[in-house]
Amino acid sequence: MTLTRRQFTTLGAASLFASPAFSQTMIGENKITSISDGNLTLPAGMIFDHVPEETLAPLREQYGLTEVLTPPCNVTLLQTGDRNVLFDVGAGSEFMSSAGFILDALDAAGLYPEDITDVIFTHAHPDHIWGLVDDFDDLLFPNATYMIGQKEWDYWTDPNTVDTIDSGRTTFAVGAARRLARIEDNITFFNDGDEVISGVAARATFGHTPGHMAFEIRNGPNALMVLGDCIGNHHMAFEHPALISGSDQDGDMGAATRVALLDQLATEQMQVLGFHLAGNGIGRVERMGDAFRFVQDS
Ligand SMILES: [Zn+2]
């Protein structure tokens, strides 16, 4: 294949990245691949600062959590008919050096950037949308059409958001607005319950961001939910789903969303693919008394 300019500029960093690039599951005839964009590198306090020590200590012990968290970034690729659909586009090169490797993972899965036909966004945080453009501000997926929840679009394209968002996320607002402006002529909007493409239904999962959406990919009795960040980790979000997470912009709403969704996923035993869940993010939700745990598919 011909190297794109973006691949050329990231080749040095990417070669250091050794995790498996992708893994797959099937929902009927639909092939679903977890594409690794790398991982985040975050101070644990970002999520846990307000959590009492007696709650946190057992989590640290059980999940081996340290002061720096390195959650994976698992982009979902759905291949159905002749379409190659990405759910989110990863972090690109401007967010953090440990993320932004989606092209290498796609390459390993046998796809060129030009092969992507559709991009559907869960939300517009940097690790999900900054990979929309390359280092030259060209669209990374030039042949794709784009889709996003109406409410999410309205929030990040509102010129007031940069002033109303908490100060720690000002760059999120600036970065999202700049990138969404690049696709304003090539994007369509959807709402809760809409079928965004055949067999894929949007599910309002607000709280992490004002318009966050998950997606249910269904084929007969088989289904998988693309979670995005509405269930944002495999430890606290499962063991204490009602606890407010520092990564949610509206903590109370994020918690209510998480509790309801985990209950449904455990009851229906629906497969999930979580952007920041452990490993490749593919697994199921198991009930444990009043709490839950994430069981990875092997
Ligand atoms: Zn994220």
Practice item. State whether the residues of the range 261-276 include one that is out of contact with any Lys or Arg (no Cβ under 8 Å at 6 or more places or on another chain), in a strand (DSSP E or B) and modelled with pLDDT of 95 or more. Key: yes
**Study point:** Test result for Thr157, without any contact (Cβ under 8 Å) to a residue 24 or more places away in the chain, more than 16 Å from the ligand (Cβ to nearest atom), polar (S, T, N, Q) and closer than 23 Å to Ala204 by Cα
**Key:** no
**Study point:** Residue pairs meeting the criteria (Cβ under 7 Å; at least 6 apart or on separate chains; first farther than 17 Å from Phe189 by Cα, in the range 114-129; second part of a helix (DSSP H, G or I) and at pLDDT 95 or above)
**Key:** His125/Phe172; Pro126/Phe172; Pro126/Gly175
Study note, to complete from the structure: The strands (runs of 3 or more DSSP E) lying wholly within the range 1-109 that contain at least 3 residues that are under 15 Å from the mean Cα position of the chain (by Cα) and at pLDDT 95 or above are 30-39, 72-80, 83-87
Exercise for review: Assess whether Asp252 counts as being closer than 20 Å to Arg169 by Cα, surrounded by fewer than 19 Cβ atoms within 10 Å (Cβ to Cβ), of a type outside the set (A, V, I, L, M) and out of contact with any helix residue (DSSP H, G or I) (no Cβ under 7 Å at 6 or more places or on another chain).
Suggested key: yes
Point to revise | Within the range 210-235, tally of residues that are aliphatic (A, V, I, L, M) and either more than 15 Å from the ligand (Cβ to nearest atom) or free of Cβ contacts under 8 Å to residues at least 12 places away in the same chain (or both) | key: 4
Check your understanding: Of all residues in the range 248-277 being in contact with a strand residue (DSSP E or B) (Cβ under 7 Å, 6 or more places away or on another chain) and of a type outside the set (A, V, I, L, M), which is nearest to Phe121 (Cα to Cα)?
Key -> Phe275
Practice item. Only residues that are among the charged types (D, E, K, R) and surrounded by fewer than 13 Cβ atoms within 10 Å (Cβ to Cβ): list them for the range 140-171, please. Key: Asp163, Asp166
Review point. Among the residues of the range 236-245, is any closer than 25 Å to Val162 by Cα and modelled with pLDDT under 95?
Key: yes
Exercise for review: Test Thr145 against the stated conditions and say whether it is within 21 Å of the chain's Cα centre (by Cα), among the polar types (S, T, N, Q), within 16 Å of the ligand (Cβ to nearest atom) and within 23 Å of Ile197 (Cβ to Cβ).
Suggested key: no
Exercise for review: Being out of contact with any strand residue (DSSP E or B) (no Cβ under 7 Å at 6 or more places or on another chain) and under 30 Å from Gly81 (Cβ atoms) is the filter; apply it to the range 172-190 and report the residue that is surrounded by the fewest Cβ atoms within 10 Å (Cβ to Cβ).
Suggested key: Asp185
Review point. With Asn186, Asn160, Asn222 as the choices, which residue is closer than 26 Å to Gln24 by Cα and over 18 Å from the mean Cα position of the chain (by Cα)?
Key: Asn222
Exercise for review: Go through the residues of the range 101-110 one by one and say whether even a single one is surrounded by fewer than 18 Cβ atoms within 10 Å (Cβ to Cβ) and within 15 Å of the ligand (Cβ to nearest atom).
Suggested key: no
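The values are calculated or read from the model by the stated rules, or taken from the named source; none is laboratory data. Because the structure is a prediction, the values reported are computed rather than measured. Note that we place each Cβ from the backbone using ideal geometry, even for glycine, and neighbour counts take in every protein chain shown.
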